[in-house]
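A short worksheet on the structure shown next.
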Protein chains: 2
Amino acid sequence: MKKNVIVAQSGGPTVAINASLAGVVDAVVKSDLYDTVYGSINGILGIINNRLLNLSKKNNEISNFIDTLKISPAMYLGSCRYKLPDYEDDDAVYTYIFHQFEKMNIGAFFYIGGNDSMDTVLKLSHYGNQIGSDIRIIGIPKTIDNDLCITDHTPGYGSAAKYVASSILEIAHDTYIYSVKSVTIVEIMGRDAGWLTAAAALARNSYNTAPHLIYLPESPFDQNKFIEDVKYELSRRNNVIIAVSEGIRDKDGNYFSASKPTSDQFGHAQLSGAGKCLEYFIKESINVKVRSIELNVLQRCAAHIASLTDIEESFSLGCEAVICAEKGISGYMLIINRVSNSPYNITIDTADIKNIANNAKTIPKEWINKQGNDIMPELYEYMSPLITGEVTISYANGLPQYLPIDHLNPVN
Amino acid sequence: MKKNVIVAQSGGPTVAINASLAGVVDAVVKSDLYDTVYGSINGILGIINNRLLNLSKKNNEISNFIDTLKISPAMYLGSCRYKLPDYEDDDAVYTYIFHQFEKMNIGAFFYIGGNDSMDTVLKLSHYGNQIGSDIRIIGIPKTIDNDLCITDHTPGYGSAAKYVASSILEIAHDTYIYSVKSVTIVEIMGRDAGWLTAAAALARNSYNTAPHLIYLPESPFDQNKFIEDVKYELSRRNNVIIAVSEGIRDKDGNYFSASKPTSDQFGHAQLSGAGKCLEYFIKESINVKVRSIELNVLQRCAAHIASLTDIEESFSLGCEAVICAEKGISGYMLIINRVSNSPYNITIDTADIKNIANNAKTIPKEWINKQGNDIMPELYEYMSPLITGEVTISYANGLPQYLPIDHLNPVN
């Protein structure tokens with residue numbers, strides 16, 4: 001008798017996380033071992049709260065469902081920020097989850113997520129081992145932050161990087177039109193790792209030199225050095241564009257954001273981010289027009305400009321996860337190995353989840369310039385292939401057509 | 001002997017202003033009356049400072065140049081914010097400009113811009129009349145704000161509206177994934193007119209009800225009523241999404257933005273906008289997760305998601321401007337007449353510049369609901385056709401390929 005599978009999504013959204021879900025659904029549909037694929041609504045909580053969606057459609061619907069799911073942003077199954085307790089302290093929830101698995105004849109559970117979600121995969125697979133369960137527990141990575149260990153890069157990063165690079169290029173076009181001197185600061189996501197901010201450098205082309213300065217969380221941020229950098233760039237060109245990570249911090253590790261007062265003059269529990277802080281610093285020191293732009297959530301949900309490379313890899317990871325489960329692999333996460341950079345070529349492999357969960361990968365020091373205000377060519381070469389290729393989006397009445405998600409947001 | 005023409009761009013950028021420039025170039029290339037088309041760099045200042053670009057390419061280059069120019073964001077010729085003095089007070093600059101026109105054998109001058117630029121067109125054509133010049137002076141409208149009089153709508157508005165609607169839809173996907181209650185505020189451009197903020201309503205489709213509240217500059221904003229609105233929406237759904245214009249003001253006309261303290265607690269010359277103000281109001285009154293997003297300059301420069309309707313109309317206006325000049329029309333602005341809404345059909349006409357310059361068009365009261373927190377169906381019907389159709393963008397190395405603008409930003 002064929003077994004069923006459950007898949008869920010967790011953590012923050014990306015543009016590619018539904019592509020991995022589509023890959024799981026596609027592979028289960030084609031599987032000889034597995035029957036129905038259930039989606040758990042709001043991550044692992046859907047199993048606990050019995051909110052499951054049958055994703056195995058009829059033959060005439062499945063192809064369109066998979067194609068549209070593949071390019072839809074955020075999470076079709078919703079998300080959660082739920083952290084499992086240690087089962088040695090409290091195994092009640094584990095007992096319940098594995099009871100549900102048995103009841104529904106589940107053969108495999110796939111969790112698509114970032115660091116915290118891999119902690120759930122680790123705990124579930126440990127517990128499963130302990131009770132002698134043969135249910136496969138497999139992690140599928142995703143995060144725009146690109147901060148998961150062992151894998152060459154993470155699904156979702158390439159699309160976010162493409163959005164950041166394209167936005168910086170378009171902001172450059174917008175900025176260069178005025179002949180008056182100006183500074184434009186673009187704040188990019190990434191609290192602890194600068195991968196996504198570094199992607200701003202991909203906007204440089206034959207005519208665009210922006211961003212002219214890049215500040216990452218990996219390099220201690222010095223306010224005085226920053227003002228010197230900006231003055232130097234302003235001496236060379238009219239319009240200076242700066243990419244800054246939301247997570248920049250001083251040499252003592254203090255963030256330049258959130259509720260930290262930026263100065264006596266503008267202080268008083270500002271609810272502003274790093275970009276606004278830098279805007280204030282410049283306003284206090286240099287007589288120049290200055291503006292800050294926060295790319296905000298659009299960098300993780302603008303599916304209409306997704307990277308085809310990213311979407312296809314994410315889809316393949318979903319498919320491969322099912323194949324791994326069929327082979328009996330459990331307690332592992334799918335990873336991407338880069339075989340060569342030019343031409344860009346990858347293979348998909350697995351890695352033991354215990355080496356991945358609760359660790360984070362930052363940019364190596366040698367990929368950042370000595371002054372700490374730009375990236376080195378090696379990082380450019382690493383990022384460049386990940387944003388290539390464009391997805392085809394259907395539009396209706398001028399709007400992108402994504403998969404409806406009304407099952408996530410019930411209205412009373 | 002054939003005459004030459006000069007074209008220039010002025011004011012804030014849009015995604016469609018280069019399409020009008022492409023239309024002018026295309027029509028001059030095909031013209032029997034006109035020879036070379038010169039682009040004036042940084043608006044009218046290019047004529048004064050003798051910074052002119054020959055836009056008449058060789059035959060084998062012109063088609064690719066026009067096609068790429070048509071879909072490139074911002075302003076290929078750069079912009080200015082220069083206001084001509086009254087020639088009755090000081091005609092020195094007028095004498096110089098018309099001297100340059102004569103020297104270069106100019107037969108027509110086209111100015112693509114918004115309200116302030118039409119003031120320049122008005123003054124130049126008055127002065128031209130007074131000195132008996134037969135040089136045609138013609139205005140071509142553009143502004144994302146859609147606030148020019150007489151024309152049904154303005155080139156650039158449809159693309160910005162499409163960006164706003166698509167972004168709200170993608171933000172909805174991003175927001176709906178969590179089951180915890182939240183409020184998301186999206187601040188949209190438009191200081192005095194709410195046309196662009198209203199376009200957020202175009203994001204509503206079969207499954208998306210966001211934005212759930214819309215606040216426009218045309219309706220006086222009441223802080224207490226706002227909190228009531230939000231509480232009501234939170235009682236109906238988990239995730240409330242609000243579209244707010246940067247220009248909302250109270251019944252006395254005071255803006256909720258810029259340096260106006262938002263409250264005693266958060267005050268002290270906040271450099272924040274309307275979205276941040278509303279975020280503070282909610283944080284003070286309701287115990288709910290709240291975030292504000294400022295769409296910022298991307299709503300006027302994200303050419304990769306331009307409206308085809310907008311781009312084609314903008315191109316046609318550029319072509320028609322040249323044809324009008326050939327017919328001897330001067331002191332007029334090109335306008336769009338809507339012949340029918342379903343099917344959407346327009347004609348291009350002209351209107352005397354003196355009825356357009358220095359006036360602004362806001363949303364009619366009857367197109368806003370009585371509570372002042374949403375739009376009426378008539379406004380939806382008006383906006384809907386303007387965002388339809390998608391442009392085809394070429395990508396190289398994962399980035400949109402726009403026309404290089406290195407002539408605007410010299411590096412020392």
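Quick notes on this one:
- Cα gyration tensor category, rounded, prolate or oblate, for the protein assembly as shown with a/c compared to 1.5: prolate
- When nucleic acids and ligands are ignored and a 1.4 Å probe is applied, residue A:222 ends up with an accessible area of around 80 Å².
- Highest-MSF residue in chain A out of A:240, A:322, A:93 [GNM, Cα springs under 10 Å]: A:93
- Measuring nothing but how far apart in sequence close Cα pairs (under 8 Å, 6+ apart) lie, relative to its length, the stretch B:1-139 scores a relative contact order of 33 percent.
- Taking chain A as a Gaussian network of alpha-carbon nodes connected by springs under 10 Å, the highest mean-square fluctuation of the residues A:347, A:209, A:68 belongs to A:347.
- Taking every protein chain into account, the 1.4 Å probe leaves residue B:99 with about 100 Å² of accessible area, to the nearest ten.
- By the helix-only formula, in which each DSSP H run with n ≥ 4 contributes -39500 (n - 2.57) and the sum is divided by residues, chain A has a 222 nm mean residue ellipticity of -10000 deg cm²/dmol.
- Our summary gives chain A a relative contact order of 22 percent, counting only alpha carbon pairs under 8 angstrom and 6 or more residues apart.
- Here chain A is treated with +1 on each Lys and Arg Cβ and -1 on each Asp and Glu Cβ, and its dipole about the Cα centre works out to around 660 debye.
- An ellipsoid equivalent to the stretch B:335-378, defined through the eigenvalues of its Cα gyration tensor, has semi-axes of 26, 19, 5 Å when rounded to whole angstrom and sorted largest first.
- Label-to-label distances for residue B:285 across copies, nearest first, come out at 4.0 nm, using points 7 Å from Cα in the beta-carbon direction.
- Contact with the other protein chains removes 40 Å² or more of accessible area, compared with the isolated chain and a 1.4 Å probe, from these residues of the stretch B:372-393: B:390.
- Compared with the dominant Cα axis of chain A, that is its longest principal axis, helix A:223-236 is turned about 70°.
- Stokes-Einstein diffusion of the stretch B:1-154 at 4 °C, 1.567 mPa s viscosity, Kirkwood radius from Cα pairs, rounded to a whole number: 83 µm²/s.
- Rounded percent of accessible protein surface that carbon and sulfur make up, the stretch A:281-412, 1.4 Å probe: 47
- Each chain gives up part of its surface: A and B jointly bury about 6300 Å² of accessible area, both sides summed, for a 1.4 Å probe.
- For chain A, the percent of C-alpha pairs falling in each 20 Å distance bin, counted from 0 to the bin holding the largest distance, reads 27, 51, 21, 1.
- Total formal charge among the other residues, if their Cβ is under 12 angstrom from that of residue B:388, Lys/Arg +1 and Asp/Glu -1: -3
- Based on protein heavy atoms only, the stretch A:3-97 ends up with 38 Å² per residue of surface accessible to a 1.4 Å probe.
- Cβ-Cβ FRET estimate between residue A:49 and residue B:251, R0 fixed at 51 Å, reported to 0.05: 0.65
- Across the identical copies, the label point of residue A:35 (7 Å from Cα in the Cβ direction) is separated from its matches by 8.4 nm, in order from shortest.
- Lysines whose Cα lies under 28 Å from that of residue B:123, excluding same-chain neighbours fewer than 8 positions away: B:2, B:3, B:83, B:103, B:142, B:327, B:354, B:361
- Label separation (residue B:104 vs residue B:1): 1.7 nm, computed from points 7 Å beyond Cα along the C-beta direction.
- Residues of the stretch B:297-327 buried by at least 10 Å² of accessible area upon assembly of all protein chains, compared with the chain on its own (1.4 Å probe): B:297, B:298, B:300, B:301, B:304, B:305.
- Degrees, to the nearest 10: A:308-326 long Cα axis against longest axis of chain A: 30
- With R₀ set to 30 Å, the beta-carbon distance separating residue A:223 from residue B:82 gives a calculated FRET efficiency near 0.25.
- Here is how far apart the residue A:339 label points are across copies: 5.8 nm, shortest first, using a point 7 Å from Cα toward Cβ.
- In this structure, the amide hydrogen of residue A:241, modeled 1.01 Å from its nitrogen in the peptide plane, lies closer than 5 angstrom to those of A:184, A:212, A:213, counting only residues at least 5 positions away or on a different chain.
- The stretch A:309-406: relative contact order as a whole-number percent, Cα under 8 Å and 6+ apart: 22
- Of A:109, A:226, A:315, the residue with the greatest mean-square motion in the GNM of chain A, using alpha carbon springs below 10 Å, is A:226.
- Nearest 10 degrees, 0 to 90: helix A:115-131 Cα axis against chain A principal axis: 20
- Building the convex hull from the alpha-carbon atoms of the stretch A:83-215 and averaging its projection over directions returns 11.2 nm².
- Each Lys and Arg adds +1 at its Cβ and each Asp and Glu adds -1 at its Cβ; summed about the Cα centre, the stretch B:72-128 shows a dipole of about 320 debye.
The values are calculated or read from the model by the stated rules, or taken from the named source; none is laboratory data. Keep in mind that what you see is a predicted model, and the values were worked out from it rather than measured. No Cβ is skipped: glycine too gets one built from the backbone with ideal geometry, and neighbour counts run over all protein chains shown. Just so you know, the surface numbers come from the protein's heavy atoms only, side chains and all, with ligands and any DNA or RNA stripped out. Shrake-Rupley method; radii C 1.70, N 1.55, O 1.52, S 1.80 Å.
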